[in-house]
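The values are calculated or read from the model by the stated rules, or taken from the named source; none is laboratory data. This one's a predicted model, so the numbers in the text were calculated from it and none came from an experiment. Positions of Cβ are backbone-derived with ideal geometry, glycine not excepted, and every protein chain shown enters the neighbour counts. Surface areas here come from the heavy atoms of the whole protein model, side chains and all, with no ligands, DNA or RNA. Shrake-Rupley method; radii C 1.70, N 1.55, O 1.52, S 1.80 Å.
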Amino acid sequence: MAAAKQNAAATTAWAPRSRQEARLRQLNQELAQTGDGEARLLAEIERASLLGALDLGVEAREAFIAILERHPTHFTALNEFGTLLAGQGAIEAACRVYAEAILHHPGNPMAHVNLANLLLRANRHSEARAHYEAALKADPDHPGAHQGLGAVLADEGDREAAQTHFRKGFRAHAISTLPYRGSAAPIPLLQLVSSGGGNIPTAPFLDDRVFLTSVVVADHLNPAARLPPHALIFNAIGDADLCAPALEAAMRLVAQSEAPVINDPRAVTKTGRIDNAARLAALPGVVTPKTSLVARSILIGREGAAWIAGGGFAFPLLLRSPGYHTGRNFVLVEKPTELAEAATALPGDDLLVIEYLDARGTDGNARKYRVMMIGGKIFPLHLAISRNWKVHYFTSDMAEQPDHRNEEMAFLKDMPTALGEKAITALNAIRDMLGLDYAGVDFGLNSNGDLLLFEANATMVIASLDPDPRWAYRRHAISEVIDAVVAMIREKAIAFSSEVETGSREENASKQKSGARF
């Protein structure tokens, strides 16, 4: 109960912002009296950074620009300005600033790592790798460089080498607390993640003006480490095929806390593609693809086609490297003669062989619907329509086809009518079977109205809305889902804090009645 008391106190008492504001006032007074020199420059940089921390973004930018006009090569000014821009979502501008810092300070590992982190987010892996390696050349023990290089290697399929770097990078660095920019006391939240990816993208709904987030890399946390104060645990480890060690660690961590948990890791472990294909197939109105894991060496060898036939598969079929999303390392194999070449091109020792479910309509277009399941409710998120079998929203035909956007609009406005009663019933059954607080389902429909399951797990992205006015009709659907996630988190955290507070009052009253001294 002591830990719970600490968690509850963290939700009602928060002083860092007032200290930041006091420090800003002090810096303003000092700068009004200080002349030129290094001391003044450092005070100006600290002031500009504080403005950003206090969510005064425009003033912070102006302050940094004024500094750099006078000191264009100063490393700390460049590095802190890049960090501000990245935090504001100005990624290209941040990359340019970090690159300028590297140009003038090539031996400083920090700018290399900061730039590499942004390049990695943009899937520019080779460029990111070069900067991580440059950072390690300058500082062989740099934790951020090891963490980033591990992420690159894991994404490239070299998971053994990735783990070597993860162990070095997260040793004594498995817990980090993200900056908080709110003006009121935050909701303290513990976010569990996996080192090798497969995590829920939480940026759209974990607002740093509402939540004080401590990120725990579960698979590299020392079991003896003390967890930061929290009113809720958000298990962001979402890919059961990729993250088994992290999910096992998450189960142990969850057992140490009295706080509520979003996405119990025990439920997540059951959502691998093979498990889903087997258990969800029993649901009425759901068609799942037969799915098996096989050594890549078998598919590459002479016996590959024979294994396919013996396993009950037929061509065309799909091959996929486990642990990848957004259509990466995922191919259609039309005939046996293409099998070996397709398997050779995919990373990983084992590959998923997946039955091809034809989601084409009478117009020849394939359709992929996505719904989100938040706190037990189902929300339509998008519909992508494409001539290609691999339907990914921003590589589909949506942008250039007004009729496709009209069809999506109809789905978002009236999901039951767009899908039909059979599919809605199937989605409700899938939701109940998954047992997750946060999840998504990608699916198509066949001519009988059955739901063709593509994917059902926690790793679904709620992508930010493109400012292009063609997508304005999607704004409400995206906002509704994000609002639902935030509301779910707040309700669980506040309910827990209230329960703890009530328990503490009752405990104190009991001690007073019994004459206990405390």
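Write down the Å³ per residue value for the convex hull defined by the alpha carbon atoms of segment 221-318.
In segment 221-318, the Cα convex hull volume per residue is 139 Å³.
Could you derive backbone 3J(HN,Hα) for segment 181-198 from the dihedral phi with the Karplus parameters 6.51, -1.76 and 1.60 (θ = phi - 60°), listing whole Hz in sequence and x where the residue is Gly or Pro?
Coupling constants for segment 181-198: 10, x, 9, 10, 4, x, 8, x, 10, 9, 10, 8, 10, 9, 5, x, x, x Hz.
Packing-wise, with mean Cβ within 10 Å as the measure, how do 155-162, 398-405 rank, highest first?
155-162, 398-405
Around Val486, with a cut-off of 12 angstrom between Cβ atoms, what is the net charge of the other residues, counting Lys and Arg +1 and Asp and Glu -1?
-1
What nm value, rounded to one decimal, do you get for the distance between Asn446 and His71 when each label is placed 7 Å out toward the C-beta?
Result: 6.8 nm between the two label points.
First measure r as the distance between the Cβ atoms of Ala306 and Arg266, then evaluate 1/(1 + (r/R0)^6) with R0 = 25 Å and state the FRET efficiency to the nearest 0.05.
E(calc), rounded to 0.05, equals 0.05.
Which FRET efficiency, nearest 0.05, do Glu46 and Glu491 yield, Cβ-Cβ r, R0 35 Å?
0.40
To the nearest 20 debye, what is the magnitude of the charge dipole of the chain about its Cα centre, counting +1 on the Cβ of each Lys and Arg and -1 on the Cβ of each Asp and Glu?
That gives the chain a dipole magnitude of about 1040 debye.
Sum up the charges of everything whose Cβ sits under 13 Å from the Cβ of Glu38, counting Lys and Arg as +1 and Asp and Glu as -1, but leave Glu38 out.
-1
Determine the principal axes of the Cα atoms in segment 305-377, then give the extent along each, sorted from largest to smallest and rounded to whole angstroms.
Computed over the Cα atoms, the extents are 44, 33, 21 Å.
If I model a spin label at Phe315 and Ala340 as a point 7 Å from the Cα along the Cα→Cβ vector, what separation in nanometres do I get?
According to this spin-label approximation, the distance is 1.3 nm.
Tell me, what is the 1.4 Å probe accessible area of Leu242, in Å² to the nearest 10?
Probe radius 1.4 Å; accessible area of Leu242 about 40 Å².
Can you tally the net charge around Ala281? Count Lys and Arg as +1, Asp and Glu as -1, for every other residue whose Cβ sits under 12 Å from the Cβ of Ala281.
-1
Given a 1.4 angstrom probe, I'd like the percentage of the accessible area of the chain that is carbon and sulfur, rounded to a whole number.
52
Would you calculate the separation in nanometres between label points at Glu258 and Ala161, each defined as 7 Å from the Cα along the Cα-to-beta-carbon direction?
4.8
What are the ³J(HN,Hα) values, in whole Hz, obtained from phi via the Karplus relation 6.51 cos²θ - 1.76 cosθ + 1.60 with θ = phi - 60°, for each residue of segment 351-366 in sequence order, with x given for Gly and Pro?
My calculation for segment 351-366 gives 10, 8, 9, 10, 4, 7, 9, 7, 9, 7, x, 5, 8, x, 8, 8 Hz in order.
Length gain on complete extension for the stretch Arg124 to Gln88, per 0.36 nm per residue less the alpha carbon to alpha carbon distance?
So the chain would gain 10.9 nm between Arg124 and Gln88.
With charges set only on the Cβ (+1 for Lys and Arg, -1 for Asp and Glu), what does the dipole of segment 342-433 come to about its Cα centre, in debye to the nearest 20?
Roughly 240 debye, rounded to the nearest 20.
Ranking request for peptides 222-231, 51-60: highest mean number of other beta-carbon atoms within 10 Å first, then the rest in descending order.
Top to bottom by mean Cβ count within 10 Å: 51-60, 222-231.
I'd like the antiparallel share, as a percent to the nearest 5, of DSSP beta bridges with both residues in the chain.
Bridges in the chain are about 70 percent antiparallel.
Span-like helices, the chain: DSSP H, alpha-carbon axial extent 15 Å or more, mean Kyte-Doolittle 0.5 or greater, which ones?
Correct list, ordered by number: 75-87, 91-104, 109-121, 244-255.
Round to a whole angstrom and tell me the spacing of the C-alpha centers of segment 279-335 and segment 23-65.
Taking the Cα centre of segment 23-65 as reference, the centre of segment 279-335 is 58 Å away.
With a cut-off of at most 16 other beta carbons within 10 Å, and DSSP calling the residue loop, which trypsin sites (Lys or Arg not before Pro) in segment 59-140 qualify? Please list them.
Arg124
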